[in-house]
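*Asks:* Provided herewith is a single structure, encoded as structure tokens, for subsequent inquiry.
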Amino acid sequence: MIENYKYKFIRFLTWLNIINYCTFITIDFLNKSNLWRCSNLLKYIGILICFIITLLIGEDKYDSLDKNLVRIALLFTLIADFNFLIINNYVLGILFFCLVQFTYIIRHNRGKNIKTYNYFFILMIYIILFLLLNYINLFHDNNFIISISLVYGLILIHSLIISLGTFKRRFFSKKTCILIILGLILFLFCDVNVALYNIDDYLVLKYNGFENISNSLIWIFYLPSQIFLSLSGYNNVNKIFRR
């Protein structure tokens, strides 16, 4: 009985997020500056709902480690988006997104016998790469944030490649693998548009609508990616959405 109420609540949260998604996408396309704060708040609520969905996993987990990893990933996502949407601390936001993707790398490698020290070694490679880029100072005034963004891009691609191997490793069910892969692909599409939105500042030839288009596309891809990834923590998604 309690389990049925839990599944109904998860369905309610998912539909609430879909309504929320349609609302802020509409606001974004209206492009009214006086509604931006409202849009950002709705976006953050969407990520908060995804995090709450992971807190409800309970006994519907694959195992305790997977449950904790998906919760940690969504918690880092929540913190990253707080920095982006609420306090505009972009460097800290990117840093937390690096932690998000590294958590997914660990999670989606389940089923493959990899020692903990190997992940530490991979992490050190990314840190050294960032330090080298920052030291070389290729990008001058914006060197720090561009360097960390490039490293984040590499970690994201690494994370997507790892997700594509979830079918082969067979730790997750096929439907969960699809949710994971779709989530990471949409995550990539989102971040490609983040890059396009920001690179417009460095283009000699500018298109007036380019920035607005890429900015709108960011969240068209992003919230669905988080919905898929949050639901991937459940070992039987069909059971949740079965009427």
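*Asks:* To make sure I understand, if each residue's beta carbon is the centre and we count other beta carbons within 10 Å, what order do PHE51, PHE96 fall in, fewest to most? Display every interim value, and only then the final one.
*Replies:* Numbers: PHE51 18, PHE96 21.
Ascending Cβ contact count within 10 Å gives the list PHE51, PHE96.
*Asks:* Given the DSSP H assignment, sum -39500 (n - 2.57) over each helix run of at least 4 residues in the chain and divide by its residue total; what's the result at 222 nm in deg cm²/dmol, nearest 500?
*Replies:* Mean residue ellipticity at 222 nm (helix-derived): -26000 deg cm²/dmol.
*Asks:* Which ³J(HN,Hα) values in Hz, rounded to whole numbers, follow from the phi angles of the range 51-62 under the Karplus curve 6.51 cos²θ - 1.76 cosθ + 1.60, where θ = phi - 60° and Gly and Pro get x?
*Replies:* The phi angles translate into 5, 4, 4, 5, 5, 8, 4, x, 7, 8, 7, 6 Hz.
*Asks:* Just list whichever of LYS43/LYS168; LYS8/LYS112; LYS32/LYS67; LYS43/LYS175; LYS43/LYS174 have alpha carbons separated by over 32 Å in the model shown. All intermediate terms of the calculation are to be shown ahead of the outcome.
*Replies:* On the way: LYS43/LYS168 34 Å; LYS8/LYS112 34 Å; LYS32/LYS67 40 Å; LYS43/LYS175 26 Å; LYS43/LYS174 29 Å.
Result: LYS43/LYS168; LYS8/LYS112; LYS32/LYS67 exceed 32 Å.
*Asks:* Sort the chain into rounded, prolate or oblate with this rule: let a ≥ b ≥ c be the square roots of the eigenvalues of the Cα gyration tensor; rounded if a/c is under 1.5, and if a/c is not under 1.5, prolate when a/b is larger than b/c, oblate otherwise.
*Replies:* Oblate, since a/c reaches 1.5 and b/c is not below a/b.
*Asks:* Per-residue counts of other Cβ atoms within 10 Å, averaged by peptide: what ranking do you get for 6-13, 230-237, 215-222, highest first?
*Replies:* Details: 6-13: 15.2, 230-237: 23.1, 215-222: 18.2.
In descending order of packing, they fall as 230-237, 215-222, 6-13.
*Asks:* Using the Cα centre as the reference, give the magnitude of the dipole from point charges on the C-beta atoms of the range 2-241 (Lys, Arg: +1; Asp, Glu: -1; all else neutral), rounded to the nearest 20 debye. Write out the running numbers ahead of the final one.
*Replies:* Values: 20 positive and 12 negative charges, 208 e Å.
My answer is approximately 1000 debye.
*Asks:* Also, quick follow-up: Hey, what did the range 1-147 get for relative contact order, percent, Cα under 8 Å, at least 6 apart?
*Replies:* On the way: 92 pairs, mean separation 23.3, N = 147.
Dividing the mean separation by the residue count of the range 1-147 yields 16 percent.
Laboratory data are not the source of any read-out in this text; all were calculated from the coordinates shown. Since the structure is predicted, the reported quantities are computational estimates derived from the model, not experimental observations. So basically every Cβ, Gly included, is an ideal-geometry build from the backbone, and we count neighbours across all protein chains shown.
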